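Notes follow once the structure below has been shown.
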Amino acid sequence: MNTYGRLFRITTFGESHGPGIGVILDGCPAGLAVSTDEIQAALDRRRPGQSDLTTPRKEADQVEVLSGLFGGYTTGTPISLLIRNQDQASHDYSHIEHAYRPSHADYTYDQKYGRRDYRGGGRSSARETAARVAAGAIAAAFLRQHGIVAQSYVSQVGAVQVPVGHEQLDLGLIDSNLVRCPHPETAERMAELIRQTRDRHDTVGGVVTGVVHGVPAGLGEPVFDKLHAELGKAMLSINAVKAFEYGSGFAGTLLFGSEHNDQFYTDEAGAVRTRTNHSGGIQGGISNGQEIYFRVAFKPVATILQPQATINDQGEEITLAGRGRHDPCVLPRAVPIVDAMTNLVLADMLLRARANRV
């Protein structure tokens, strides 16, 4: 499927080296103030060629609004956004027309469809995520009206990790460096590791941490569409993501129930709070009003500029080295994608919650 969401719903289209990519957003309420500049600002955070830590492909990622916005407000009709591709270099991929790149979707696409667009991976390329980021900017504007703000940052590159939790960080520093890590000293070490990896013609993975403030209690469905399940599905749909955990995650398995339980209390303002937040703001699949936090693991980018053993579509063993323009580390550009998918999930859940009570 190329569609995500029930009420706040997106459908993305386009390929990496086709004329363009885009998204149709349906279900956004009318009267929401959204400027093209807001959408463009989100795309600028994700666009390629923004630093020496990312792919050198040059794309302006200039958004074109084809419908659904008028006079700076949503009209309630489908919003159509288009981003034209400008810096295609399809000749860089002629060598893989019949070859299967290790850990890519080449083989699996052939098995599913009986054919594939080998130019940059076609639809399997992470270029598709630009469409999500554009739609996510509109979702963010909708959530801000309700006091909900999602932020994510790079918390690990390779073995280099931020030494403190998100509660001890100034998240206003996320965009203060090229890595998008709000811990300046660690960000410098991360950047150096990425450059060293690039110079070895290799790639490196890491972790993006997401934090959401202002989520009211009551978002999420009790059985199959649990809030954490939808967040997990959204994050695992992002290229190169290998794992998702929320709240205490795997570390919670080391605690006893008496240590892990989040005890309730009523604060001075009469609001229900918990003394700890091992639950990550979600209990029974429904938000409990506390801060939501989660971690998303990204593998090293599969394309490396080193010879590797593989096979072609005839089953013959060959040696293949990557070509073209690729990120040595996807993490810095993944941050706005994680933000976008978080916003899309929460916008959909917020609309669904309105239908649950009189």
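The values are calculated or read from the model by the stated rules, or taken from the named source; none is laboratory data. Fair warning: this is a prediction, and the values are worked out from it, not measured in the lab. Every residue, glycine among them, receives a Cβ derived from its backbone with ideal geometry; neighbour counts consider all protein chains shown. In case anyone asks, the SASA skips ligands and DNA or RNA and just uses the protein heavy atoms, side chains included. Shrake-Rupley method; radii C 1.70, N 1.55, O 1.52, S 1.80 Å.
Return yes or no: is residue 179 touching a strand residue (DSSP E or B) at 6+ places or on another chain (Cβ under 6 Å), not hydroxyl-bearing (Ser, Thr, Tyr) and not in a loop (DSSP other than H, G, I, E, B)?
For residue 179, the condition - touching a strand residue (DSSP E or B) at 6+ places or on another chain (Cβ under 6 Å), not hydroxyl-bearing (Ser, Thr, Tyr) and not in a loop (DSSP other than H, G, I, E, B) - is not met.
Can we say residue 77 is exposed (fewer than 15 other Cβ atoms within 10 Å of the Cβ), assigned to a loop (DSSP other than H, G, I, E, B) and either at pLDDT 90 or above or on the phi < 0 side of the Ramachandran plot (or both)?
yes
It is to be established whether one or more residues within the range 79-92 are closer than 19 Å to residue 17 by Cβ and in contact with a helix residue (DSSP H, G or I) (Cβ under 6 Å, 6 or more places away or on another chain).
yes
Collect the residues in the range 20-44 that are surrounded by 20 or more Cβ atoms within 10 Å (Cβ to Cβ) and in a helix (DSSP H, G or I), keeping them in residue-number order.
39, 42, 43
Scan the range 3-18 residue by residue and report those that are of a type outside the set (Phe, Trp, Tyr) and open to solvent by less than 30 Å² (accessible area, probe 1.4 Å).
Listed by number, the residues that qualify are 5, 10, 12, 14, 16, 17, 18.
For the range 305-323, indicate whether the set of residues that are touching a helix residue (DSSP H, G or I) at 6+ places or on another chain (Cβ under 9 Å), buried (at least 23 other Cβ atoms within 10 Å of the Cβ) and part of a loop (DSSP other than H, G, I, E, B) is non-empty.
No; the residues of the range 305-323 include none that is touching a helix residue (DSSP H, G or I) at 6+ places or on another chain (Cβ under 9 Å), buried (at least 23 other Cβ atoms within 10 Å of the Cβ) and part of a loop (DSSP other than H, G, I, E, B).
List every residue pair whose Cβ atoms sit under 8 Å apart, with the two residues 6 or more apart in sequence or on different chains, where the first one lies in the range 192-203 and is polar (S, T, N, Q) and the second, anywhere, is in a helix (DSSP H, G or I).
Correct list of pairs: 203/197.
Identify all residues within the range 256-286 that are charged (D, E, K, R) and either in contact (Cβ under 8 Å) with a residue 12 or more places away in the chain or out of contact with any strand residue (DSSP E or B) (no Cβ under 9 Å at 6 or more places or on another chain) (or both); write none if there are none.
259, 262, 268, 273, 275, listed by residue number.
Looking at residue 210, is it under 20 Å from the mean Cα position of the chain (by Cα) and assigned to a strand (DSSP E or B)?
yes
Against the definition (open to solvent by 50 Å² or more (accessible area, probe 1.4 Å), of a type in the set (D, E, K, R) and touching a residue at least 60 places away in the same chain (Cβ under 8 Å)), how does residue 123 come out, yes or no?
In short, yes.
Among the residues of the range 292-304, which ones are assigned to a strand (DSSP E or B) and open to solvent by less than 50 Å² (accessible area, probe 1.4 Å)?
Residues satisfying the conditions are 292, 293, 294, 296, 297, 298.
Take residue 55 and decide whether it is under 20 Å from the mean Cα position of the chain (by Cα), touching a residue at least 12 places away in the same chain (Cβ under 8 Å) and within 26 Å of residue 350 (Cα to Cα).
no
Can you tell me which residue in the range 45-70 is surrounded by the fewest Cβ atoms within 10 Å (Cβ to Cβ), limited to those that are acidic (Asp, Glu) and at pLDDT below 95?
In this case the residue turns out to be 52.
From the list 289, 220, which residue is touching a Pro at 6+ places or on another chain (Cβ under 8 Å), in contact (Cβ under 8 Å) with a residue 60 or more places away in the chain, outside any strand (DSSP E or B) and more than 30 Å from residue 112 (Cα to Cα)?
Unique residue meeting the criteria: 289.
When residues of the range 189-201 are filtered for being surrounded by 15 or more Cβ atoms within 10 Å (Cβ to Cβ) and modelled with pLDDT of 95 or more, how many remain?
Result for the range 189-201: 6.
Search the range 213-252 for residues being farther than 24 Å from residue 147 by Cα and aromatic (Phe, Trp, Tyr), and hand back the single one that is nearest to the chain's Cα centre (by Cα).
That would be 244.
State all residues of the range 272-290 that are open to solvent by less than 40 Å² (accessible area, probe 1.4 Å) and under 19 Å from residue 211 (Cβ atoms); if no residue qualifies, say none.
274, 277, 279, 280, 281, 282, 287, 288, 289, 290
Output the residues belonging to the range 233-254 that are open to solvent by less than 70 Å² (accessible area, probe 1.4 Å) and free of Cβ contacts under 8 Å to residues at least 24 places away in the same chain.
If the condition is that a residue be open to solvent by less than 70 Å² (accessible area, probe 1.4 Å) and free of Cβ contacts under 8 Å to residues at least 24 places away in the same chain, then 251 is the only one that fits.
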